[in-house]
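All of the numbers you see were taken from the coordinates with simple rules; none came from a lab. Given the structure is predicted, the values throughout are model-derived calculations rather than measurements. As a convention, Cβ positions derive from the backbone with ideal geometry for all residues, glycine included, and neighbour counts pool all protein chains shown.
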Amino acid sequence: MKQVLKRYRSFLVVLIALVLIGLFNRELGEQVLNTTAYQLREMLLIIPPIFVLLGLLDIWVPKQTMVKYMGEGSGLKGILLALFIGSAAAGPLYGAFPVAAVFMKKGVTFSNVLIFLGAWSTTKIPMILFEFSALGIPFALTRLLVDIPGIIIIAYLLQALMGKKEIEAIYEKAQQND
Amino acid sequence: MNIILYSVTAILLILSFVKDKQKTHKALVKAWKAFENILPQFLVVILLVSLLLSLLDHAMILKIIGSESGWLGVLLAAIVGAVTLIPGFVAFPTAALLVNGGAGYMQIGAFISTLMMVGIVTLPVEIRYFGKKMAFYRNGLAFIFSFLVAFVIGQVMEVLV
């Protein structure tokens, strides 16, 4: 019980603060409540299947397979796969981090993990369809054409900035996330 | 989209169950553990996002990022995008409304770009998995990159519109 309280401490603090705000500003409180309900619904709709898929991936796909397709020496194939998997994803970016952790556990290279994260954040196919209709094809296509190389460049830049030791530490952390 | 996600998950789950009950059970336990592990952070993020969304309304955003607002507008748009986390199917129609209401394409480009790539409120989740340094670097680079995106979109749209 104490353990649970400790882990949810920040959540409880924010919750109490919001309730207090709501008491003073009824309108804002109601709006926050509505938005929270909406966001929670979205999370409950999209997050569970992602985690189930993660569990299945973790159990069924052997490390060698992942290494072969997206690990050291996977080259262009690995980059394209990372771009594709990220783009085919659904859900907010915070859903991508646990997936990235399993990827690292399975031996996917750091740059491919970063490319996957970049694709998840900016080139998600369902989102682009929305963008087409809302902002027009020139806007969306331009963004896409800048973003795809950008994602890849940022991935390699980050990899260089982080250095070997720190990347190893991140991989170690991913191993423990069991 | 959700239907596809759920169908794929259901099919794979059934396949897994038919092949090996025990392994499937193990996979589900892992799924639950991974979820419960990050749930406290998810909840904090959702509360903060809701507060931010309630505080910022269209009129206010428009005042900040009108087409005459120049690079300062781009900077402010980038900051608004970085601190908020709006689902795409809300963000794009909102962006379209803003453009119709007089926001500039360059500013909207910056807003959309940081909205997608930079997550200030989701930092606690990101740090959990990647550590502080990596989370700050990734968000910092994405923030800077968004200005390039904004610039290119601004140029292209100026020629086309």
Quick one: pull the percentage of alpha-carbon pairs in the protein assembly as shown with a separation above 38 Å.
16
When only alpha-carbon atoms are used, what values of Rg and Dmax, in angstrom, describe the range B:1-55?
16.2, 51
Computed from every Cα-Cα pair in the range B:56-161, P(r) in 10 Å bins starting at 0 and rounded to whole percents is 16, 47, 27, 9, 1
Compare the Cα positions of B:105, B:145, B:7 along the charge dipole of chain B (+1 at Cβ of Lys, Arg; -1 at Cβ of Asp, Glu; about the Cα centre) and return the one farthest towards the positive end.
B:7
From the Cα centre of the range B:111-160 to that of the range B:16-77, the distance in Å is 15
Pair residue B:152, residue A:88: separation of 7 Å Cα→Cβ label points (nm):
2.5
Quick one: net charge around residue A:147, please, counting Lys, Arg +1 and Asp, Glu -1 for every other residue with C-beta under 13 Å from its C-beta.
+1
Net charge over other residues, Cβ less than 13 angstrom from the Cβ of residue B:17 (K, R count +1; D, E count -1)
+3
Let me spell out the model: positive unit charges on the Cβ of Lys and Arg, negative unit charges on the Cβ of Asp and Glu, origin at the Cα centre of the protein assembly as shown. What dipole size does that give, in debye rounded to 20?
1360
Percent of alpha carbon pairs in the range A:99-178 separated by more than 21 Å?
39
Value of Rg/Rh across the range A:30-82 [Cα atoms, Kirkwood radius]:
1.29
Between A:133, A:100, B:155, whose Cα lies farthest towards the positive end of the dipole of the protein assembly as shown when Lys and Arg beta carbons carry +1 and Asp and Glu beta carbons carry -1, centred on the Cα centre?
A:100
Using only the Cα atoms of chain A, what semi-axes does the equivalent ellipsoid have when each is the square root of 5 times a gyration tensor eigenvalue? Give whole Å, largest first.
33, 24, 15
What's the average, rounded to a whole number, of partner chain beta-carbon atoms within 10 Å of each residue's beta-carbon in B:127-138?
6
Measure nothing fancy, just the Cα-based angle from helix B:105-117's long axis to the longest principal axis of chain B, in degrees from 0 to 90, nearest 10.
20
Using only the alpha-carbon atoms, how far is helix B:123-160 inclined from the longest principal axis of chain B? Give it as 0 to 90 degrees, nearest 10.
40
